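The values are calculated or read from the model by the stated rules, or taken from the named source; none is laboratory data. Here the structure is a predicted model, which means the values were calculated and not measured. For neighbour counting, all protein chains shown are included, and Cβ atoms are generated from backbone atoms with ideal geometry for every residue, glycine included. Side chains are part of the model used for accessible areas, which takes the heavy atoms of the whole protein and leaves out ligands, DNA and RNA. Shrake-Rupley method; radii C 1.70, N 1.55, O 1.52, S 1.80 Å.
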Amino acid sequence: MSHRARNWGRDDGHARRVPDIQRPSGRRPTCHGGAHFRQPRGTERMKFNWTTILELAEKGNLQPTRRVEKTPAQWADQLSPEAYQVTRAHGTERPFSSDMCHRIEPGLYHCVCCDSPLFDGSEKFDSGTGWPSFTHPIEANAIAYKADHSYGMTRIEALCNTCDAHLGHVFPDGPQPTGLRYCMNAVAMAKQTK
């Protein structure tokens, strides 16, 4: 599979570079369960895989639909102490501390900070790791990616692309066809029924 860089929909001279994945003609990309990403207006459908995630983390993320910015004091007033520690101070909740990691049921998972939709429950799976896991985000631009070099290793941090809340990390050991495991902190998300 070859990759090209593509200008991604900004008119202010500060275009973000993202991979444009070439596919065999006539084939539509599918994700887990045959679902497609809902793309930002004016963009083509894109299938994420580990190479795509690494390129986004290195070269820049997709443009968010909207931005929410608050001071640390405003976030502290809005969030529980545990949610603040995880989302704003880049903490991690204890594994198996939430029943959310074992419940596989319909619904949408939103950012606890800004209420942006992040994941669809149909893409959730029990990874056995102690944290809720998903195969891909609800929209291609819902998540921002950043290389995390803490603890003597390199991981890819997953952030809410709307408010920069730390959500968890992405790993290349998930189920096919994406091969991705979005390992999220339950306290960083709020589940809503459809």
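A few remarks follow.
- Residues in segment 111-159 that are among the hydrophobic types (A, V, I, L, M, F, W, C), over 20 Å from TRP75 (Cβ atoms) and in contact (Cβ under 8 Å) with a residue 24 or more places away in the chain: PHE119, PHE125, TRP131, PHE134, ILE138, ALA140, ALA147, ILE156.
- Residue within segment 36-45 that is in a helix (DSSP H, G or I) and either surrounded by fewer than 18 Cβ atoms within 10 Å (Cβ to Cβ) or modelled with pLDDT under 90 (or both) present: no
- Condition met for ARG88 (among the basic types (Lys, Arg) and surrounded by 14 or more Cβ atoms within 10 Å (Cβ to Cβ)): yes
- Qualifying positions in segment 70-108 - within 20 Å of SER133 (Cα to Cα), under 18 Å from the mean Cα position of the chain (by Cα) and among the charged types (D, E, K, R): GLU93
- Checking each residue in segment 105-149 for being surrounded by 18 or more Cβ atoms within 10 Å (Cβ to Cβ), under 14 Å from ALA186 (Cα atoms) and of a type in the set (A, V, I, L, M, F, W, C) picks out CYS111, VAL112, CYS113, LEU118, PHE119, TRP131, PHE134.
- Taken over segment 68-125, the criterion of being of a type in the set (Val, Ile, Thr) and touching a helix residue (DSSP H, G or I) at 6+ places or on another chain (Cβ under 6 Å) is satisfied by VAL86, THR87, VAL112.
- Scanning segment 66-79 for residues that are closer than 28 Å to PRO175 by Cβ and hydroxyl-bearing (Ser, Thr, Tyr) turns up nothing.
- Filter result for the condition that a residue is over 25 Å from ARG103 (Cβ atoms) and at pLDDT 95 or above, over ASP164, ASP148: ASP164
- Test: residue in segment 179-193 that is at positive phi, out of contact with any His (no Cβ under 7 Å at 6 or more places or on another chain) and open to solvent by 40 Å² or more (accessible area, probe 1.4 Å): no
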